[in-house]
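Read the structure below first, then the notes.
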Amino acid sequence: MMTFEDVLEQYEPMISASIRKLNIHRNHDSFRQAGRVALWQAWSRFDEAKGSFMPFAYRSIRGGMLDELKKENVFEKNITLMEDESLAYIMVPEIADQHEALNRLADALDVLSPAERELVQWLFIEGYTLTECAERIGITVEGVRKRRYRSLAKLRRVLT
């Protein structure tokens, strides 16, 4: 049995031919890589009892490249490139909304006691775990859980 490096060297022209036949004119490297991955998968799955490797490799390479084309088409369909002016026009309302939300959150945090505010900062801003907060405060993890629950309940009441 040949090694994959030998198979790749032998079938590299087939990968290039598939790129040409599918009229791919951009991102040659990603399609070439998709063809190589498909060739490797074909090589690893191939059963000699079922026939010749060449047609199996060709269909696998072509299928891998077609899958890559589908991925690109879905990406292009879902992503729209915009000019800077359009993007700024879209982002201005979002920034204003975010600014308003931050102001509301700051007002809501004033309702909390300093200890509750500190706990909220540790948990949600600095990313500490419940166990780490419990060690810092000197209480049990269940105690921290209850404080977190009460603090979030206060925030919900103020924000809704």
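We did not get these values from a lab; they are worked out from the coordinates using the rules stated. Computed from a predicted structure; not experimentally measured. In this analysis, Cβ positions are derived from the backbone assuming ideal geometry, glycine residues included, and neighbour counts consider all displayed protein chains.
To the nearest 500 deg cm²/dmol, what mean residue ellipticity at 222 nm is calculated for the chain from DSSP H runs of n ≥ 4 alone, each contributing -39,500 (n - 2.57), summed and divided by the residues?
-25500 deg cm²/dmol
In degrees between 0 and 90, to the nearest 10, how far off the longest principal axis of the chain does helix 53-78 point, with axes built from Cα atoms?
In the chain, helix 53-78 runs at an angle near 40 degrees to the longest axis.
Under a straight-distance cross-link criterion of Cα-Cα below 28 Å, which lysines are reachable from LYS77, leaving out those fewer than 8 residues away in the same chain?
Cross-link targets: LYS21.
Which FRET efficiency value, to the nearest 0.05, do you get for THR160 and GLU72 by plugging their Cβ-Cβ distance into 1/(1 + (r/R0)^6) with R0 = 41 Å?
0.40
Tilt of helix 141-159 relative to the longest C-alpha principal axis of the chain, in degrees (0 to 90, nearest 10)?
Relative to the chain, helix 141-159 is tipped by roughly 80 degrees.
Per q in 0.10, 0.18 1/Å, what log10 I(q)/I(0) does a Debye calculation on the alpha-carbon atoms of the chain return?
Relative scattering, expressed as log10 I(q)/I(0), comes to -0.69, -1.06.
Could you give the length gained by full extension between SER16 and ILE79, i.e. 0.36 nm per residue of separation minus their alpha carbon distance, to one decimal place?
That works out to 19.8 nm of additional length.
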